[in-house]
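Working notes, structure below.
Read-outs: derived from the displayed coordinates by stated rules, not from any lab. Keep in mind it's a predicted model, so treat the numbers as computed, not measured. Glycine also receives a Cβ, built like all others from the backbone with ideal geometry; neighbour counts cover every protein chain displayed.
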Amino acid sequence: MDAAKAITLSRRTLLAGAAIVGAVGAALSTVPAQAQETAPETGPAPDLASLPRVKVDLVAPPFVHPHDQVAVGGPKVVQFTMTIEEKAMVIDDYGTTVQALTFNGSVPGPLMVVHQDDYVELTLINPETSTLQHNIDFHAATGALGGGALTLINPGEQVVLRFRATRAGAFVYHCAPGGAMIPWHVVSGMNGAILVLPRNGLTDAAGKPLVYDRIYYVGEQDFYIPRDENGDFKTYDSPSDGYEDMRAVMLGLVPTHEVFNGAVGALTGDNALTANVGETVLVVHSQANRDTRPHLIGGHGDNVWPGGKFANAPDVDLETWFVAGGSAGVASYRFLQPGIYAYVNHNLIEAVELGATAHFKVEGEWDPDLMTQVAAPGPIV
Ligand SMILES: [Cu+2]
């Protein structure tokens, strides 16, 4: 992209962002100060100064920072910091490279875990080295475009947003800097999820406590990589350089890559998710832009919240579940057999041809009662 085009692009970004901030700013100013102090669904706001503060260090997916499943004590202010990183990332085995836009350097961004009625306090940093404005829209938050209207930051700026996590469930967060920038930033990698656990922990369909031994975060991502005249994927020197070409591919609505955790093979082979027979594994599966349908080949969803929201009883014994674009689903499974399991988007074209496959490597004792090869392959008798 030449300099003039880059200026046009950044001005359009600025304008789109400014329009949103202006509109929401005006709306906010009509709300009485007192109304902003209280949260009707959860009663009066507590004295924030009296709440304990906890600082959490985020970790890159598929892993999840240490957390209590049952809340200890009352609501807290949970402090997170995320730094935006614009960086080149290889997304398949052929070296295809995207100028990714990321929260904290990973696609998806890290999973945050809090409990219902905790306050999430995020410091979002857009370093001087960035080329674009960014912000964050939390689907778990209430008001101001999920915080998007209060967090738009230029390169070299940071912002601190606090919101009360009033609803329990898994929720997507993503960048939403305005207009055509919104889908472009999301399909360039700027999305992640937050898990808001009930204070007493999860319960299964029978109402019994559901305790997980392991938790993994799978963030599914659709990429739209432009091709050259020979059909080869193109690379660009900066995010804005590729914008016009990528937008043309995006408008066709057919992704060139559909991957888990940022790249084909990010969760397979040596990168497989691990578990032992008898362990209950919780999988949080987000897709910020496009519908998906997780399926564990050779296993099941024991307790599944397809919409990811814990006020609803889980579905049980599912074979495949639907996660709507712009949401995060949650599923638990207790592994009963050892071996390699594929965990896929059961649009199998997307799983096998476009990349949406992960592996679980499970160790333990085989149960012949559940399955036995009665006769090995051989000549027809
Ligand atoms: Cu962004």
R0 of 35 Å, Cβ-Cβ distance ASP315-GLU128: FRET efficiency to nearest 0.05: 0.15
Determine the distance separating the Cα centre of segment 223-295 from the Cα centre of segment 88-129; give it in Å without decimals. 14 Å
Starting from the Cα of LYS55, draw a straight line to each of the lysines and keep only those under 17 Å, dropping any in the same chain fewer than 8 residues away. LYS76
Would you please classify the overall shape of the chain from the alpha carbon gyration tensor, given that a ≥ b ≥ c denote the square roots of the eigenvalues, rounded means a/c under 1.5, and beyond that prolate means a/b larger than b/c while oblate covers the rest? oblate
What is the order of ASP47, ASP367, fewest Cβ neighbours within 10 Å to most? ASP47, ASP367
Size of the dipole of the chain about the Cα centre, Lys and Arg at +1 and Asp and Glu at -1 on the beta carbon, nothing else charged, in debye to 20? 1060 debye
Assertion target for TRP321, TRP184, TRP366, ordered by fewest C-beta neighbours within 10 angstrom first, is TRP366, TRP321, TRP184
Taking 2.2 N^0.38 Å as the expected size of a compact globular protein, what ratio does the Cα radius of gyration of segment 249-335 give against it, to two decimals? 1.18
Checking rank on 296-302, 193-199, 137-143, 249-255, with mean other Cβ inside 10 Å and highest first, the result is 193-199, 137-143, 296-302, 249-255
Using the Cα gyration tensor of segment 110-269, with a ≥ b ≥ c the square roots of its eigenvalues, what is the shape: rounded (a/c below 1.5), prolate (a/b larger than b/c) or oblate (neither)? oblate
Given q = 0.11, 0.25, 0.26 Å⁻¹, what are the Debye log10 I(q)/I(0) values for segment 37-119, with equal point scatterers placed on the Cα positions and solvent ignored? -0.45, -1.20, -1.25
Calculate, for GLU229 and ALA180, the FRET efficiency according to 1/(1 + (r/R0)^6) with r their C-beta to C-beta distance and R0 22 Å; round to the nearest 0.05. 0.30
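Counting other beta carbons within 10 Å of each residue's own, what order do PHE360, PHE260 fall into, fewest first?
Placing the least packed residue first, the sequence is PHE360, PHE260.
For segment 54-204, report the translational diffusion coefficient in µm²/s to the nearest whole number, using Stokes-Einstein at 37 °C, 0.692 mPa s, and a Kirkwood Rh over Cα pairs. Walk me through the intermediate numbers first.
Values: Rh = 15.8 Å.
So the translational diffusion coefficient is about 208 µm²/s.
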Going by the alpha-carbon gyration tensor, a ≥ b ≥ c the square roots of its eigenvalues, is segment 73-151 rounded (a/c under 1.5) or, if a/c is not under 1.5, prolate (a/b greater than b/c) versus oblate? prolate
Cα-based Rg / Dmax (Å) for segment 175-322: 18.4, 58
Nitroxide proxy distance, nm - points 7 Å out along Cα→Cβ at LEU251 and SER238: 2.4 nm
